[in-house]
Amino acid sequence: MKNVLTKLTLCVLVLATSYSCHDQLEELYQDPDGFSKTQADAAGVSIIAGYFTSQLTQGFYLRGDYGAQYHQLRSGSRVMGTGVQLYFTAPEAFGVPYSLRDVENDWGSNGFNRSVFNQLNSNWVKGILWAQKEFNNIAEADRTKLDVLFMRLLHALKGYAYQRGIDGYDNVPYFQTGSAGALDGDRAEWLGQEEVYPIIIAELGEIEEYLSTLELDASELSVFQNQDVIFNGSIMQWRKYINSLRLRWAMTVSERLPDLTTATINELTGKPLFDEANDVAGLADIAIVDPARLQRELGITRAFRERADESRAPKRYLEDTMFCIPTEESVEIEGETLFYFSGDNAAEGLENGTVDPRIKYVFSSDILGRYIGAETSWDNGSDPNSYLNKIIRAYYINHPIMTDVSVTEVSFGSEDGDEQTIALSADLEGTLLGREAFLLDAFRGYLTSSSDTNFQIGTDNNMIAEFNVRPLYNFDIRYPTLHAVETELSLAEAAVRGFGNAGSAREHYANAIRLSCDYWYDINNDNTYSQQTVPAFPSNMDPSRIERDRPSKEYDAAAFAEYAAQQFDTMSDQEKVQAIFNQLQLHYGLFNFEVPWTAARRLINYLGDNPGSPYEIFQWKERFLYNPNIQATDPAAWSIISQTDDPNIPVWFTGRDTKWKNVLE
């Protein structure tokens, strides 16, 4: 699964020059405005082929991006509850009040708010428009089969680019397929989801039909393989990708255009779709970025290093979705029954197929070996038996400090110099009374201030389960902008809700779980990076954790998928759709914010509530904000979009006119 072939392919494109692979890529492919016929000839490729590869390698498009990933972790997680930031769910750390907070000004001075819009109307589209201009200038009789192929695939990629834009903003400046847009003096037409989705669903259907009969000779195939850094020249993979995109889009408009949803799904019956664990549309950072700059500067892994406080595992994944259930015990102290989690059922459940194998592939246990995650709901400590308190209490409740008056401190963590100690206050040293309340408060403050991890991912002292560092620091991971798991889950939802000939919801649901297990096992197990490689794991990461978090074996994904399907069988339709969403968000995890966010906004109408797990103290966000510069540069456009430039207004595909509100809104 390594991307050696991808890296070699990119270098092949520039063999005719004396530049290094990386330097030439920056000059030739990361600046589409500067791409010329001269450069194409020097590299031995057609100009249309050059723009095609350029499009595939754009940042934050089919691969990751440090800045975007940082803000998806920082603020996207606060909107969706993807990872738990404890200082927003328990107040000891920084005295965070239980009052509504504005997430709008929490995206890096609004930079991420506008990034998709800015990227769409610059890097993601301008290369396609330049390619279209060059293509239009070639006489029809002189266009080669490869020119047509690359242009058709660029049209498909343009549809994907516009999907990203309209999902976040609704109305965007749109150019019809076949137009070189502003390059030929045309003005873009501001269109929204209602207009664009039917267009791109139909266009991609035509492109897939074209691909289904396309035949390339050996020479043409060789060129295509060299240029295609995503699917290595596989026409079948492009067909699967395009059909899977159409399925995604059909489900996105299901609240507004159910007939189009049904018709599209029926059209897809019998056509190839993403259905294998390695079916992923994405490019690894390391295929483009200089390895020496990947960890410290440009790669998405830098975001994981800098946003380690988002890495706490959510309870909704571990317990509610993966069936890893805490073992609860109780003690009587000072006339009160107090509960604590002494462990979990992971060891037995992994062997008998009743606990999700991804517990070992995607998450890491806490110091006590428990796979227990935190909630995103508020916990002010007033309930002695809250979920958080039951997690914390296990660290001291059976320690001699609770029964031996002479013991006045409790230690926990590793013994390699990172062992932590909490001591009683002087007034408690001669009595057993009051110790439980004191220790609970002390441990809560210690945990919620991230003193256990010191805001670092992959330390050896995490007191709550975390996301596993091995998949996150796999520099070879192809960023999953679309994966077979999503395709199976879309079909499962369509079957539950009666959209077209989608097949068996149960079968698709089980397939999605099995594929996700296979995918994440491979991502974790195949990771060969360490603190000594280039790029490297962070130097402050415990080396033992790097190896310990490699799964000792691959568990039976099919057995667990069948067990999960049996639970699925007992659910109502709404419960099934919620379970499908949970699997979608779990699968993409910290790598992909946009797809689950779109699904959550859409499903509020059907479920009657938000399927995600937003923080109670953050405002729910319905859409991104436009770049305010539009008001000065294009007043006519601003008059169209300004009335909806508000994060509280649902976008069209949601089927709602009213914002979803959390408990504090």
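From the residues in segment 292-334 that are of a type in the set (Phe, Trp, Tyr) and under 26 Å from ARG74 (Cβ atoms), which one is nearest to the chain's Cα centre (by Cα)?
PHE304
Tally the residues that are under 30 Å from GLU488 (Cα atoms) and in contact with a helix residue (DSSP H, G or I) (Cβ under 9 Å, 6 or more places away or on another chain), restricting the search to segment 523-552.
Of the residues in that region, 8 qualify.
Which condition number in (1) open to solvent by less than 30 Å² (accessible area, probe 1.4 Å); (2) part of a loop (DSSP other than H, G, I, E, B); (3) not aliphatic (A, V, I, L, M) is the one that PRO471 fails?
(2) is the only condition that PRO471 fails.
To keep it simple, each residue is scored yes or no on (1) under 21 Å from ARG248 (Cβ atoms); (2) open to solvent by less than 60 Å² (accessible area, probe 1.4 Å); (3) touching a Pro at 6+ places or on another chain (Cβ under 9 Å).
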| residue | (1), (2), (3) |
| --- | --- |
| GLY589 | yes, yes, yes |
| PRO614 | no, yes, no |
| PHE618 | no, yes, no |
| PHE624 | yes, yes, yes |
| ALA636 | no, no, no |
| PRO647 | no, yes, no |
| LYS659 | no, yes, yes |
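Could you list, in sequence order, the residues of segment 378-401 that are among the small types (Gly, Ala, Ser) and either over 14 Å from THR89 (Cα atoms) or open to solvent by 40 Å² or more (accessible area, probe 1.4 Å) (or both)?
Scanning segment 378-401 gives SER382, ALA394.
If I filter segment 536-583 down to residues being touching a strand residue (DSSP E or B) at 6+ places or on another chain (Cβ under 9 Å) and either buried (at least 18 other Cβ atoms within 10 Å of the Cβ) or among the small types (Gly, Ala, Ser) (or both), which single residue comes out as nearest to TYR361 (Cα to Cα)?
Result: ASP549.
Specify the residue that is modelled with the lowest pLDDT; the eligible residues are those in segment 107-148 that are over 30 Å from GLU220 (Cα atoms) and open to solvent by less than 20 Å² (accessible area, probe 1.4 Å).
Filtering first and then ranking leaves TRP107.
Step by step: first the residues of segment 301-355, then only those that are assigned to a strand (DSSP E or B) and hydroxyl-bearing (Ser, Thr, Tyr), then the one that is surrounded by the fewest Cβ atoms within 10 Å (Cβ to Cβ). Which residue is that?
Selected residue: THR337.
Being surrounded by fewer than 19 Cβ atoms within 10 Å (Cβ to Cβ) and out of contact with any helix residue (DSSP H, G or I) (no Cβ under 6 Å at 6 or more places or on another chain) is the filter here; which residues of segment 448-460 pass it?
SER449, SER451, ASN454
Which residues, counting only those in segment 615-662, are farther than 30 Å from ARG312 by Cα, touching a residue at least 60 places away in the same chain (Cβ under 8 Å) and aromatic (Phe, Trp, Tyr)?
Matches in segment 615-662: TYR626, TRP652, PHE653.
Tell me the residue from ASP366, ASP404 that is out of contact with any Ser or Thr (no Cβ under 8 Å at 6 or more places or on another chain) and surrounded by fewer than 16 Cβ atoms within 10 Å (Cβ to Cβ), please.
Every option except ASP404 fails the conditions.
The values are calculated or read from the model by the stated rules, or taken from the named source; none is laboratory data. This one's a predicted model, so the numbers in the text were calculated from it and none came from an experiment. Note that we place each Cβ from the backbone using ideal geometry, even for glycine, and neighbour counts take in every protein chain shown. Only protein heavy atoms, including side chains, enter the accessible area calculation; ligands, DNA and RNA are left aside. Shrake-Rupley method; radii C 1.70, N 1.55, O 1.52, S 1.80 Å.
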